[in-house]
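Each remark here refers to the structure printed beneath this line.
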Amino acid sequence: MQVIRAKDYADMSRKAANLIAAQILVKPNSVLGLATGSTPIGAYEELVRKHEAGDLDFSKVKSINLDEYKGLSPDNDQSYRYFMNDHLFNHVNIDKANTNVPNGLEPDAEKACREYDEIIAASGGIDLQLLGLGHNGHIGFNEPADEFSKGTNCVNLTKSTIDANKRFFASEADVPTQAYTMGCASIMGAKKILLVVSGKDKAPILKKVICGPVTPQVPASLLQLHPDAIVIADEDALSEI
Ligand code: F6R
């Protein structure tokens, strides 16, 4: 695991965008594994800037997102498909037909997960997987558990996740209770992994991820075993190491 220290959120975002841009430059038809959440937004803004400056061509890029709420349509402004369109896809020349997010509208969980695993397999493998880090060490929606998940799975959202998310919805009843997420083993199958972490509130969990034992109770600790995992974290996030 290589750790790159960034000064602050803006520096972390630029460094992450540079790495993603380099990946696209050396392999224009890269398969990018992408994440939502607040942490990668700055990196997406940098990528859009590079594209607008004429320095980055997404025309051959394919993308596979980590997760999606079960029951939300792509038009729902809380869906992860909407997030990706809004923060990246609508602003670069990626072919939306080459972008993938789990199908939140598929009620049959087994079918939704199987189909997403088929998409991952058919892509030929993820070249670069971007990840954010949950406060409990989750990656994607893979929460602390007794064992690491394998392929795409349907998770019941924890009470704390529902509580944290309800501010974005009209009422608590509108907050989805389940989500589809790529599994830990699929994430580990990516050729390169880039974990971005920012802020003092993430410092305790980042310490466990980097220095603690590899355990499914801290799903991101599994990244210690990946042959090419890079963490780009700002000084606040690294303040306990
Ligand atoms: C998002 C995702 C989540 C987030 C994590 C951190 O697609 O899979 O694991 O990366 O919850 O979220 P932020 O960046 O909002 O702190």
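The values are calculated or read from the model by the stated rules, or taken from the named source; none is laboratory data. Quick caveat: nothing in here was measured; it's all calculated off a predicted structure. All Cβ positions, glycine included, derive from the backbone under ideal geometry; neighbour counts span all protein chains shown. Surface accessibility is based on the protein's heavy atoms, side chains included, excluding ligands, DNA and RNA. Shrake-Rupley method; radii C 1.70, N 1.55, O 1.52, S 1.80 Å.
Relative contact order, whole percent, for the chain stands at 26, derived from Cα pairs under 8 Å and 6 or more residues apart. For the stretch 77-178, the square roots a ≥ b ≥ c of the C-alpha gyration tensor eigenvalues yield an a/c of 1.5 or more together with a/b not exceeding b/c, which makes the shape oblate. Stretched out straight at 0.36 nm per residue, the stretch from Asn29 to Arg167 would grow longer than its current Cα-Cα span by 45.9 nm.
Write down the accessible area per residue of the chain in Å², having rolled a 1.4 Å probe over the full set of protein chains. On a per-residue basis, the chain sits at 44 Å².
Among the trypsin sites (Lys or Arg not before Pro) within the stretch 49-97, those in coil by DSSP and having at most 16 neighbouring Cβ atoms inside 10 Å are Lys60. Within the accessible surface of the chain, defined with a 1.4 Å probe on protein heavy atoms only, the carbon and sulfur portion equals 51 percent. The phi-based Karplus calculation (6.51 cos²θ - 1.76 cosθ + 1.60; θ = phi - 60°) puts the 3J(HN,Hα) values of the stretch 222-239 at 4, 4, 4, 8, 7, x, 9, 10, 10, 10, 10, 10, 7, 4, 4, 5, 8, 5 Hz, whole numbers, x for Gly and Pro. Restricting the chymotrypsin sites (Phe, Trp or Tyr not before Pro) of the stretch 1-77 to loop positions (DSSP other than H, G, I, E, B) with no more than 16 neighbouring Cβ atoms within 10 Å leaves nothing.
Computed over the chain, the per-residue total of -39500 (n - 2.57) for DSSP H runs of n ≥ 4 gives a 222 nm mean residue ellipticity of -9000 deg cm²/dmol, rounded to 500.
Pairs exceeding a 32 Å alpha-carbon distance, out of Lys27/Lys159; Lys159/Lys191; Lys70/Lys192: Lys27/Lys159; Lys159/Lys191.
Amide H contacts of Asn65 (H built 1.01 Å from N, in plane; Pro and chain starts excluded): Leu34, Asn100, Val101 sit under 5 Å, all sequence-distant by 5 or more or on other chains. Among beta bridges from DSSP that stay inside the chain, the antiparallel ones total about 30%. Legend: P(r) of the chain from all alpha carbon pair distances, 5 Å bins from 0, whole percents, reading 1, 7, 14, 19, 20, 19, 13, 6, 1, 0.
Of all segments of the chain bounded by GluC sites (Glu not before Pro) found in a DSSP loop with no more than 15 other C-beta atoms within 10 Å, the longest spans 1-146. Every pair of different Cα atoms in the stretch 158-228 enters the Kirkwood calculation, which places the hydrodynamic radius at 14.5 Å.
The simple Förster model, with R0 at 41 Å and r as the Cβ-Cβ distance, assigns Asn90 and Lys207 a FRET efficiency of 0.65. Here the extension length gained between Asp146 and Ile119 equals 7.0 nm, from 0.36 nm per residue of separation less the Cα-Cα distance. Database remark: amide H of Lys192 closer than 5 angstrom to the amide H of Leu128, Gln129 (H placed geometrically; neighbours at sequence offset of 5 or more, or on other chains; Pro and chain starts carry no H).
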